[in-house]
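Structure record follows, encoded as structure tokens.
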Amino acid sequence: MFSYTSAMASSTELLSRDEREERLESAGYNVFNLASEDVFVDLLTDSGTGTMSDTQWAAMMEADEAYAGSESFLALETAIAEVMGFDRVVPTHQGRGAENVLYGCLIEVGDVVPNNTHFDTTRAHVAENGGDPVDCPVEGAGDLDSEDPFKGNLDTECVRELADDVGPESIPAVILTITNNSVAGQPVSMANIEETRDLADELDATFVIDACRFAENALFIREREDGYAERSSAEIAREQLSHADTIVMSGKKDGLVNVGGFVGVRDPDLFERAKQRAILYEGFSTYGGMAGRDMAAMAVGLREAVSEEYLTARIGQVRALGERLRERNVPIYTPVGGHAVYIDAGRALPHVPDEEFPGQALVCELYREGGVRGVELGGFAFPNTDRPNLVRLALPRRTYHDEHLDHVAETASAVLERGEEVRGLEVVSEPENEALRHFSARLKPV
Ligand SMILES: *Cc1c(COP(=O)(O)O)cnc(C)c1O
């Protein structure tokens with residue numbers, strides 16, 4: 001059994017209903033504006049919010065804070081080589097720093113970049129470098145109910161058609177995001193990774209894997225893909241990445257740390273260019289914006305992330321939350337993915353019209369009802385798209401207990417029971433950049 005106990009405990013208090021109502025109003029009905037101490041169960045994100053192990057804390061105590069050639073960087077390099085199979089590492093402050101470094105080297109103005117689905121920061125970095133980010137999810141990815149085991153896959157035919165359209169010379173890179181964060185954390189199969197390798201060769205493009213949740217993806221392959229049941233998740237994790245030319249990583253996910261990231265490269269030329277760009281934006285090439293202790297913790301975290309004991313507990317917990325919600329007839333995206341459960345607010349609150357943000361209304365109700373913080377990833381976060389109005393409940397790693405899951409499920413169920421009373425919302429003020437609206441807009445009930 002994996003034990004979540006550490007040498008530390010912190011108490012969380014559930015505020016009274018009146019207090020929660022007051023906090024919600026002063027937050028402008030946007031839960032990004034809530035103080036964390038006003039939240040009872042915080043499922044806003046799984047990014048950098050997890051709990052580190054005793055072994056990670058111990059490694060931090062012994063970290064080397066040298067500017068150049070830090071021993072902690074060497075430990076991180078070794079861990080990345082052993083766990084992920086990349087010998088050339090450019091450290092960065094977090095995942096988007098890695099994206100800035102890599103995509104700044106790979107993409108030129110006018111390029112087109114396909115991805116099984118761009119995560120927000122990936123899309124922004126492709127666009128920032130003058131590229132056109134194109135999503136090619138498999139058919140059925142948008143189907144909330146199909147039980148297809150690998151709804152995160154890339155539609156390789158979609159990429160071929162794109163190449164016919166724009167010419168393969170316009171496609172410098174093909175990106176595969178594992179698991180597919182923007183498609184409900186759905187996994188990508190090994191077969192699809194191999195097909196993407198062949199496709200990249202065909203197009204003479206660099207094959208990039210966004211490896212943020214590479215360990216979680218490996219467990220899904222072990223559980224669901226023919227021929228992998230007898231292999232360890234650690235082996236599968238490595239095999240997945242062996243097909244890629246380069247990887248971008250956010251340590252805040254499967255690095256099991258609170259901050260950090262890196263690029264892994266094979267090509268010596270690209271490595272040199274990436275290092276130079278990283279010095280400009282991130283820091284010298286043996287720390288890249290991380291403290292020595294951050295690197296020491298990630299070196300340990302990467303090894304822990306591929307252990308069977310950890311992964312089974314992690315994926316099992318997310319699945320357990322999904323099951324508890326389903327038992328109470330809360331409509332969710334199935335199958336449940338790796339890091340979060342997604343509630344379909346369109347079905348949960350059918351009387352709230354799309355223009356009144358049913359997803360955001362549900363997010364506010366979950367807080368009002370039980371102090372639970374989730375995040376809207378539908379028409380409010382992504383204006384002018386036809387995305388379903390999903391609410392994501394992301395589980396921090398190694399942080400919550402079964403009782404918390406029960407509380408979340410009870411809360412959602414209570415909201416649904418009085419669903420017809422729930423009112424929609426309208427935007428009162430929003431930032432200039434619409435793409436960043438959900439972080440800082442203010443709303444009010446209609
Ligand atoms: C989180 C994430 C990133 C960006 O990483 P940060 O550490 O948040 O900057 C990139 N890609 C995916 C798939 C992610 O989940």
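Side notes on the structure shown:
- The magnitude of the dipole of the chain, with charges of +1 and -1 set on the Cβ of Lys/Arg and Asp/Glu and taken from the Cα centre, is near 1040 debye.
- Between the amide H of residue 88 and those of 265, distances stay under 5 Å, these residues lying 5 or more places away or on another chain, with hydrogens modeled in the peptide plane.
- Computed over the alpha carbons of the range 236-290, Rg followed by Dmax gives 12.2, 35 Å.
- For the range 54-305: rounded, prolate or oblate by the Cα gyration tensor [a/c cutoff 1.5]: oblate
- Distance from the range 21-66 to the range 75-123 (C-alpha centre basis), Å: 24 Å
- 17 Å reach of a label modelled at residue 21, 7 Å along Cα-to-Cβ, counting backbone N of the range 337-377: 364-372
- Cysteines without a disulfide-compatible neighbour (Cβ-Cβ under 4.7 Å), the chain: 105, 212, 364
- Mean separation of Cα contacts under 8 Å (6+ apart) over length of the chain, as relative contact order %: 23 percent
- Inter-part distance where the range 160-215 and the range 347-379 are each reduced to a Cα centre, Å: 33 Å
- Rounded FRET efficiency, nearest 0.05, which uses the C-beta distance separating residue 157 from residue 62 and R0 of 30 Å: 0.05
- Taking Lys and Arg as +1 and Asp and Glu as -1, the other residues whose beta-carbon sits under 13 Å from that of residue 382 total -2.
- Placed amide H near residue 111: partners under 5 Å, 5+ positions off or other chain: 132
- Leading residue at positive end of dipole, the chain (Cβ point charges), from 105, 408, 320: 408
- As a length-normalised measure over Cα pairs under 8 Å and 6 or more apart, the relative contact order of the range 16-169 settles at 12 percent.
- This model, with +1 at the C-beta of Lys and Arg and -1 at the C-beta of Asp and Glu, gives the range 260-376 a dipole about its Cα centre of some 320 debye.
- Signed unit charges on C-beta, dipole axis of the range 54-305, positive-most listed residue 189, 219, 68: 68
- For the range 54-305, a crude dipole built from +1 on the beta carbon of Lys and Arg and -1 on the beta carbon of Asp and Glu, taken about the Cα centre, is about 1000 debye to the nearest 20.
- Result for the chain in a Gaussian network model with C-alpha springs under 10 Å: among 231, 88, 392, the largest mean-square fluctuation is at 231.
- Positive-end extreme of charge dipole, the chain - chosen from 137, 310, 175 (charges on Cβ): 310
Each value in this text was obtained by applying a stated rule to the coordinates, not by laboratory testing. Remember, predicted model here, so these are calculated numbers, not experimental data. Don't worry about glycine lacking a Cβ; one is built from the backbone with ideal geometry, like all the others, and counts go over all protein chains shown.
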